[in-house]
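Below is one structure, written out as structure tokens; the observations come after it.
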Amino acid sequence: MTLDILIMTLGALVALLPFMGFPIAWDNIILVVLGLLTIMLGIVVRRRGLGLRTRRTTTFVESAPPIASHDTSATQ
């Protein structure tokens with residue numbers, strides 16, 4: 001299971017939790033735990049995304065010499 005699917009599943013559980021019939025104290029504890037898990041997984045996904053961007057970036061530099069200007073007024 002990918003992290004994206006796991007985050008969506010946690011979101012669905014958070015949305016359905018009030019309708020599951022747990023006592024209010026349990027609801028609060030479960031919501032805090034699911035929220036913390038969602039935050040941690042979000043951080044992991046963001047770090048992986050940032051790491052991929054920095055690793056896959058390449059810089060190209062042209063090696064051709066600069067083109068000289070053809071100023072004819074200086075030679076006359």
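Here, each number is a calculation from the coordinates, and none is a lab measurement. Since the structure is predicted, the reported quantities are computational estimates derived from the model, not experimental observations. Using ideal geometry, Cβ is built from the backbone for each residue, glycine included, and neighbour counts are taken over all protein chains shown.
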**Fill in**
Per the 1/(1 + (r/R0)^6) rule, R0 = 35 Å and r from the Cβ atoms of residue 31 and residue 2, FRET efficiency to 0.05 is 0.90
**Request:** Have a look at segment 1-48 and give its Rg and Dmax from the Cα atoms, expressed in angstrom.
**Result:** 11.8, 37
